[in-house]
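Contents: one structure, followed by commentary.
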Amino acid sequence: MNDTRMTGQTYGRTARLIRSDGFNGVMISVYLSGRFHGETSVGSYKGGPGAVMFKDSGAPSIHSSTNARFINLVFNRKDIQRLVPRIDGLHGLVMTGKDAVPLVQQVARYLRQLPSTADELAAKAGEGLTGSFLALLNSTGAVSLSEEAHLSRLRTEVRWIIHQRYREADLNVARIASLARVSRATLYRAFSDEDGISAYITRIRLQMAATALADPQDERLIGEIALSVGFDKVCIFSRAFRRVFNCTPRDWRFQSRQTSSAA
């Protein structure tokens, strides 16, 4: 993922250049400002702020941008082809309007958050962005997605639901399945290669609690913080916190604030 700004540029990918540089990645460009246009072997394209464009670096094209700021998301071709079998049909595709808004907003949010995000959370960003892109394709009907792609899209939607509702103590698999409008079996299948949905909910709650405990401006009692992030019992919160962070919530608060004041 890279943030690019330019006053103006035109560049081309010829068949000869493609053979010589060996770059064969798949890119999604999210335009935050400026305008662009170009040509592929099947036709022309153009767009402006809020547009999402698909580029196949293994296919010829010529592309121009003017006073533009855009975010390039570069994916491994094999990873994308596993999710979108007919990837060649997307080269030069431009998506705009309300369908593109969720991905554009997510990219803008990551730009603000990633520099200060813990490594274990940053590692999830790529999967989240992939899921949002798949959701965009699914909403527009641009291409047919594989079953794995549909499950990846579902994981992104479910994580969004959890991030909005983790404070609710009664948030569980049944409620999430209802909110996502899928069966519990489908939900379990989507998360079969991970720790599970319940573990994900707990992890988000603990991360939010850890952030609050480290904040010198947050004067709430530890029990109040535990309840505010969705734990219905402080003892359960304390055990879970110790298991993940190898210290008590009280020690975490003290150590974090000592480090902050020393800096």
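See the values below:
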{"quantity": "Cβ-derived FRET efficiency at R0 45 Å, residue 254 paired with residue 148, nearest 0.05", "calculated": "0.50"}
{"quantity": "Residue 215 long-range amide H proximity, modeled H, under 5 Å", "calculated": "none"}
{"quantity": "Förster-model FRET efficiency, 45 Å R0, residue 247 and residue 23, C-beta, rounded to 0.05", "calculated": "0.50"}
{"quantity": "Spin-label model distance (nm) - residue 2 vs residue 66, 7 Å beyond Cα toward Cβ", "calculated": "2.5"}
{"quantity": "Normalised convex hull volume, the chain, alpha-carbon set, Å³ per residue", "calculated": "159"}
{"quantity": "Heavy-atom accessible area order for 19, 159, 69, 220, largest first, 1.4 Å probe", "calculated": "19, 220, 69, 159"}
{"quantity": "Taking the C-alpha atoms of region 11-54, convex hull volume expressed per residue in Å³", "calculated": "85"}
{"quantity": "Fully extended contour minus Cα-Cα distance, from residue 218 to residue 199, at 0.36 nm per residue", "calculated": "4.2 nm"}
{"quantity": "Inter-site label distance for residue 35 and residue 79 at 7 Å from Cα along Cβ, in nm", "calculated": "3.4"}
{"quantity": "Whole-Å distance, taken between Cα centres, linking region 167-199 and region 1-58", "calculated": "38"}
{"quantity": "Summed residue charge, Cβ within 15 Å of residue 174's Cβ, Lys/Arg positive, Asp/Glu negative", "calculated": "+2"}
{"quantity": "Inverse of mean 1/r across different Cα pairs in region 184-263, Kirkwood, Å", "calculated": "13.6"}
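The values are calculated or read from the model by the stated rules, or taken from the named source; none is laboratory data. Bear in mind the structure is a predicted one, so any value in this text is a computation, not a measurement. Methodologically, a virtual Cβ is constructed for each residue, glycine included, from the backbone with ideal geometry; neighbour enumeration extends over all protein chains shown. Remember, those area values only see protein heavy atoms, side chains included, never the ligands or the DNA or RNA. Shrake-Rupley method; radii C 1.70, N 1.55, O 1.52, S 1.80 Å.
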